[in-house]
């Protein structure tokens with residue numbers, strides 16, 4: 001059964017999830033407008049054949065952020081997608097803190113493990 | 001076709017997929033990948049990348065509402081995420097090893113299984129007998145609101161549920177879907193968790209499970225922003241609409257029709273995969 005503290009904490013988790021999705025959807029919308037204004041009339045991008053590599057301006061996080069600051073539509077969309085993926089990761093990180101406050105060490109360890117698995121994926125480098 | 005036309009068509013298709021996915025409880029991901037691959041001729045790697053992104057959006061959006069209503073068991077979710085995230089990493093690596101045709105065949109089989117699971121009897125008999133020692137140690141037992149006040153439940157067969165979650169996570173990472181049907185199967189059938197708690201806790205876990213393969217998908221170039229954008233926005237809006245309609249309707253007929261569509265699409269995926277047309 002949930003303690004009052006736990007129930008409160010779960011409400012905070014819910015708000016965090018909602019805010020993350022809204023923020024990322026907003027950024028993706030902005031990117032979509034920029035992209036369609038600039039490239040909307042051009043022939044549709046090729047999706048039929050899988051190219052192993054992204055274009056150079058989308059390949060690394062640094063390149064994406066640099067292009068997004070130049071208001072490149074696709075890069076802004078990519079930033080929105082990063083925010084979206086970061087939302088559940090932030091939820092897990094936040095849960096570590098919640099279980100720490102409760103001194104529930106088994107769950108602290110479990111949550112840290114899940115966080116480590118998520119970070120492994122985010123820093124995974126396909127070149128290796 | 002121009003970029004604008006392509007974007008609008010994909011957004012419209014994704015909206016319908018998200019709407020039907022929410023209404024039937026199967027999720028948008030199982031429809032969006034075949035839609036992109038079979039109708040729009042998108043390479044299956046881009047299709048599963050765009051689908052995975054939309055899965056994170058709908059799951060996180062819906063999870064917020066369910067957690068607030070008190071159905072979600074956050075402890076069960078957290079514990080089982082250990083299994084689903086590990087499985088997802090394995091599945092995402094597997095997606096890089098097998099061919100697009102192979103992914104299509106597995107996808108078709110999973111569609112057939114999902115259609116079967118969506119038609120099965122949903123309320124497992126209540127758990128009886130001695131409490132499960134692992135569930136007690138991890139404090140997994142909980143309660144959820146009903147019209148007659150809070151209803152408590154016990155959790156059973158934790159190791160079996162955990163093993164099934166490894167498998168559900170692997171499918172999620174391999175196919176870019178939430179694999180909600182398999183997560184619910186592990187919870188309500190194996191662990192005897194009430195159906196409403198199983199579905200909402202499954203939803204809660206889907207975002208984290210999908211995030212575990214997202215990094216690998218980004219690194220491999222599966223996620224193309226021009227395609228992921230209309231898919232994510234369309235599925236998100238569609239599923240919000242679907243959830244709104246769901247509170248007013250019990251779409252039994254729709255579920256059956258949708259299950260039949262899923263069977264047809266699944267067989268198409270298997271056929272195209274085996275003949276190398278994807």
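Details
- Whether a residue is within 25 Å of residue A:88 (Cβ to Cβ), more than 17 Å from the chain's Cα centre (by Cα), in a helix (DSSP H, G or I) and at pLDDT 90 or above was assessed, and residue B:107 does not pass this test.
- Checked against the criterion of being farther than 15 Å from residue B:217 by Cβ, more than 13 Å from the chain's Cα centre (by Cα), away from every other protein chain (no Cβ under 14 Å) and buried (at least 24 other Cβ atoms within 10 Å of the Cβ), segment B:81-104 contains not a single residue that satisfies it.
- Selection from segment B:60-80 of residues that are more than 8 Å from every other protein chain (Cβ to nearest Cβ) and out of contact with any strand residue (DSSP E or B) (no Cβ under 9 Å at 6 or more places or on another chain): B:62, B:66, B:77, B:80
- Against the criterion of being surrounded by fewer than 22 Cβ atoms within 10 Å (Cβ to Cβ) and not in a helix (DSSP H, G or I), residue B:192 qualifies.
- In segment B:137-153, residue surrounded by the most Cβ atoms within 10 Å (Cβ to Cβ) [restricted to those that are within 12 Å of chain A (Cβ to nearest Cβ) and not in a strand (DSSP E or B)]: B:140
- Of the residues making up segment B:175-197, those that are touching a strand residue (DSSP E or B) at 6+ places or on another chain (Cβ under 9 Å) and closer than 15 Å to residue B:80 by Cα number 3.
- Qualifying residue in segment A:73-96 (condition: part of a helix (DSSP H, G or I), under 14 Å from residue B:3 (Cα atoms) and at pLDDT 90 or above): yes
- Residue B:169 vs. criteria within 20 Å of residue A:121 (Cβ to Cβ) and either touching a residue at least 40 places away in the same chain (Cβ under 8 Å) or not in a strand (DSSP E or B) (or both): yes
- A residue that is in a helix (DSSP H, G or I), free of Cβ contacts under 8 Å to residues at least 40 places away in the same chain, within 7 Å of another protein chain (Cβ to nearest Cβ) and closer than 29 Å to residue B:2 by Cβ occurs nowhere in segment A:44-51.
- Segment A:35-55, residues that are closer than 19 Å to residue A:82 by Cα and surrounded by fewer than 18 Cβ atoms within 10 Å (Cβ to Cβ): A:53, A:55
- Tally of residues being under 13 Å from residue B:81 (Cα atoms) and facing chain B (nearest Cβ under 7 Å) across segment A:94-128: 8
- Any hit, segment A:75-93, residues being more than 7 Å from chain B (Cβ to nearest Cβ), surrounded by fewer than 21 Cβ atoms within 10 Å (Cβ to Cβ) and farther than 17 Å from residue B:211 by Cα: no
- Restricted to helices (runs of 4 or more DSSP H) entirely inside segment B:1-80, those with at least 3 residues that are surrounded by 22 or more Cβ atoms within 10 Å (Cβ to Cβ), more than 12 Å from the chain's Cα centre (by Cα) and on the phi < 0 side of the Ramachandran plot are B:3-24, B:44-69.
The values are calculated or read from the model by the stated rules, or taken from the named source; none is laboratory data. Note that the structure is predicted; figures quoted are calculated from it, not measured. Here Cβ is always computed from backbone atoms with ideal geometry, including for glycine, and neighbour counts include all displayed protein chains.
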